[in-house]
Structures are given as structure tokens and as C-alpha cells.
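Read through the structure below, which is laid out as C-alpha cells, and then see the notes.
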Amino acid sequence: MNLKKTYHEKYGYERMITSRNSPLTFAEMDMLKLKDKQEFVIDEVEKEFVLIVLEGKCDVFGKEFKFEKVGYRKSTMEIVGAESVYVGKNTPFMVKAVEGDVRIAVCKAPAPKLYPPQLIRHDEVKMARFGKETFVRDVAFTFPETMKANYLYIGEYWVENGFWASFPPHKHDVEDGVEGALDEIYYYEFDKPQGFGIQMVYTSDKTINEAYRIEHGDAVEIPRGYHPMAVAPGYKNYTLWVMAGPRRGLLSTSEECHKWIVK
């Protein structure tokens with residue numbers, strides 16, 4: 001089972017993780033890079049979208065809405081939540097780069113219900129620090145469960161200098177009142193071109209038991225199972241996490257044998 005895909009950055013719209021090439025039930029992700037003043041129209045039926053502006057600025061507008069100069073960061077290495085735009089199902093819209101190039105992660109999921117367009121500015125994004133010692137990370141809840149949406153729940157985190165993230169290992173693949181069934185995509189960038197890390201995905205019964213060397217532009221699909229990751233010493237990592245499922249939020253359980261580390 002190969003759960004890793006790679007995005008080779010270039011101008012234009014690149015389909016990356018779709019319902020046709022992935023084992024995921026809900027989450028999909030494409031990448032969009034535009035030159036200054038360049039425009040691109042997105043029109044897919046029965047899908048909801050969250051545009052995560054990784055770097056640069058853009059206008060996002062449709063028939064009855066317009067959000068201007070969306071985007072705040074010059075680099076994903078800045079520890080600040082991305083600005084984002086939600087667009088509901090059956091709502092064609094245009095993205096236009098302003099004030100230079102713009103890079104956007106286009107996150108998608110099926111959309112049974114129609115919700116109105118929404119904008120989140122960087123100063124509205126809740127930030128937190130998770131973990132301790134060698135498994136600490138800064139986290140941004142970029143598109144939280146408080147926003148109106150069908151399935152999408154999105155955030156970001158930053159890890160550096162040989163540290164681990166998503167530790168103790170956790171999972172969210174069953175509905176049991178505590179844990180929620182949400183599939184997930186991790187997308188990675190590094191502060192130097194040679195930067196790398198390790199992403200694991202495994203289940204208790206080892207029907208999934210994968211470990212990937214992750215580099216800038218890689219993404220890993222997590223249909224189920226535990227998924228800790230580690231960053232090589234000396235490097236800084238940015239990870240975008242895209243979760244999708246009927247019950248949105250941090251609804252996970254940790255691997256029992258590792259819980260002692262946080263007690």
C-alpha cells in the first residue's frame with residue numbers, strides 16, 4: 001500500500017489527492033500556484049472547498065461574494081495560521097493572485113448541504129502548543145469545527161530540530177462516542193531543500209504498517225491507524241493537516257502502550 005504522493009511545485013492547478021487515486025473516503029486536496037494578476041476558475045459540483053493560502057495574497061470571488069487580499073504569510077515557516085476561504089457546494093468561484101505570486105492548498109470534500117462563503121483572517125486563527133520536551137509542536141486551528149461546513153476540519157503545525165509530532169501516536173478511525181471517524185491528509189514543507197522527516201501510518205493489527213521518508217512537497221494519506229511523525233535534526237517542518245468526516249474536531253484516542261509519556 002502506497003499512501004504517499006508528491007507535488008512538484010509549478011504554476012497552474014495540480015490535482016494531487018482525489019477520490020480516484022486515494023483510499024480516503026472524504027478528504028481531497030489539489031494545489032494551485034498563480035503568478036501576479038493571474039486568475040483561475042474552480043467549478044466542481046457537489047464539493048465544498050477550503051482554500052488555505054500557504055504564501056502570498058489573492059482575491060477570491062463568486063457571483064454573490066468577494067474576499068480581497070486573502071493571505072498574510074511570506075513563508076510557511078512563519079508560525080502564524082494561514083488565512084483561508086470556505087466556498088460551499090455548486091458555487092463556481094475565481095481566484096486571482098494579487099501583489100505577487102500566491103500558493104494555495106485547495107482542500108475539498110463531498111458536500112450534502114450548502115453553507116455560505118466564509119473568510120478567516122490570520123488574527124482569528126487560534127494557536128496552541130502541544131506536547132513537551134522532544135515532542136512539542138506549535139499548532140494553528142486554521143479551519144476549526146466552529147466554522148460551518150459538512151466535513152472539512154483543517155489545521156497546521158510546525159516541528160523542528162529532530163522533534164516528533166502527533167505523539168503519543170493517535171488515531172481517529174472509528175465512531176465510538178469518544179473517537180471520531182475522520183480520514184486525514186498530511187502535506188509537508190521544509191525550511192531547506194534537503195530537509196526531511198519520517199511519517200508512520202500503522203494499525204494495531206498491522207494491516208497497515210508503513211513508514212515514509214517525507215520531503216518538501218510530499219503528502220501522506222491516512223485512511224485509518226496511528227500516524228506519528230519525526231523531523232530530521234537541524235531542520236524545520238511545516239505540516240498542513242486536512243481532516244474530513246461527519247463529526248468534526250480533535251476526536252482521537254492515543255495508543256494505549258504510549259500514554260504513560262504524558263502522565
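Checking the condition more than 14 Å from the chain's Cα centre (by Cα), within 22 Å of ASP183 (Cα to Cα) and of a type outside the set (Val, Ile, Thr), which residue from MET29, MET1 passes?
MET1
Tell me which residues, restricted to the range 45-67, are over 18 Å from the mean Cα position of the chain (by Cα), surrounded by 21 or more Cβ atoms within 10 Å (Cβ to Cβ) and among the β-branched types (Val, Ile, Thr).
Hit for the range 45-67 is VAL60, nothing else.
Being under 18 Å from VAL70 (Cβ atoms), small (Gly, Ala, Ser) and part of a strand (DSSP E or B) is the filter here; which residues of the range 110-159 pass it?
Once the filter is applied, which keeps residues that are under 18 Å from VAL70 (Cβ atoms), small (Gly, Ala, Ser) and part of a strand (DSSP E or B), the range 110-159 yields ALA140, GLY155.
What do you reckon, is PRO233 under 21 Å from GLU133 (Cβ atoms), touching a helix residue (DSSP H, G or I) at 6+ places or on another chain (Cβ under 9 Å) and not in a strand (DSSP E or B)?
no
Name the residue, out of PRO117, PRO112, PRO92, that is in contact (Cβ under 8 Å) with a residue 24 or more places away in the chain, exposed (fewer than 14 other Cβ atoms within 10 Å of the Cβ) and more than 18 Å from MET243 (Cα to Cα).
PRO92
Report yes if some residue within the range 68-85 is more than 18 Å from LYS108 (Cβ to Cβ), buried (at least 21 other Cβ atoms within 10 Å of the Cβ) and among the β-branched types (Val, Ile, Thr); otherwise report no.
For the range 68-85, residues more than 18 Å from LYS108 (Cβ to Cβ), buried (at least 21 other Cβ atoms within 10 Å of the Cβ) and among the β-branched types (Val, Ile, Thr): present.
Being surrounded by fewer than 20 Cβ atoms within 10 Å (Cβ to Cβ) and of a type in the set (Lys, Arg) is the filter; apply it to the range 134-192 and report the residue that is nearest to ALA219 (Cα to Cα).
Ranking the qualifying residues of the range 134-192, first place goes to LYS192.
Only one of (1) among the small types (Gly, Ala, Ser); (2) farther than 21 Å from THR6 by Cβ; (3) buried (at least 21 other Cβ atoms within 10 Å of the Cβ) fails for GLY197. Which number is that?
(2)
If you scan the range 231-263, which residues turn out to be among the hydrophobic types (A, V, I, L, M, F, W, C), crowded, with 17+ Cβ neighbours inside 10 Å and under 17 Å from the mean Cα position of the chain (by Cα)?
Scanning the range 231-263 gives LEU240, TRP241, VAL242, MET243, ALA244, LEU251.
Of everything in the range 59-104, what is of a type in the set (Phe, Trp, Tyr) and not in a strand (DSSP E or B)? Give them in sequence order.
Within the range 59-104, just TYR72 meets the criteria.
Taken together, the values in this text are just the output of simple stated rules run on the coordinates, not laboratory data. Note that the structure is a prediction, hence the values are computed from the model and not measured. Every residue, glycine among them, receives a Cβ derived from its backbone with ideal geometry; neighbour counts consider all protein chains shown.
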